[in-house]
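A short worksheet on the structure shown next.
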Amino acid sequence: LQPPVVGALLGIIMASMPKLRGIIVDTDDRDGSAPLQWLFDGLYHVGQAAVPINMMILGCNLSASYSNKKAKSGASSKTILFSPATTVSIIVGKLILMPLL
């Protein structure tokens, strides 16, 4: 099993048991009195950074593949990594459709 799958399964198990969930998240009055609330808060903040980090990684990978393709083709002035239709589809999907979901 891959680590994300194991993490998701552990999260489902933990969320389905109220006593176990109460150790990490204060479910009664939300005043932060759970014993491991600090762990939940830290993981929450790391999770908030996941999407921007993934977008940066995607951009780096796309630029690296463009650089590799340009170097292999002899640095020609007309290097096309994706067709215009593919480029527009990526832009529309990532910048318009995904934020709407």
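The values are calculated or read from the model by the stated rules, or taken from the named source; none is laboratory data. It should be emphasised that the depicted structure is a prediction, and the values quoted were computed from it without experimental measurement. Reconstructed Cβ throughout: ideal geometry from the backbone, glycine too, with neighbour counts over all protein chains shown. The area values use the complete protein model at the heavy-atom level, side chains included, leaving out ligands, DNA and RNA. Shrake-Rupley method; radii C 1.70, N 1.55, O 1.52, S 1.80 Å.
General observations
- Filter pass, A15 being open to solvent by less than 80 Å² (accessible area, probe 1.4 Å) and outside any helix (DSSP H, G or I): no
- With respect to the stated conditions, S67 fails to be at pLDDT below 80, surrounded by fewer than 10 Cβ atoms within 10 Å (Cβ to Cβ) and either part of a helix (DSSP H, G or I) or among the small types (G, A, S) (or both).
- L1, sole failed condition from (1) aliphatic (A, V, I, L, M); (2) touching a Pro at 6+ places or on another chain (Cβ under 7 Å); (3) not in a helix (DSSP H, G or I): (2)
- Complete set of residues in the range 18-45 that are open to solvent by 90 Å² or more (accessible area, probe 1.4 Å) and part of a loop (DSSP other than H, G, I, E, B): D28, D29, R30, D31, P35
- Any hit, the range 72-94, residues being modelled with pLDDT of 85 or more, assigned to a loop (DSSP other than H, G, I, E, B) and open to solvent by 60 Å² or more (accessible area, probe 1.4 Å): no
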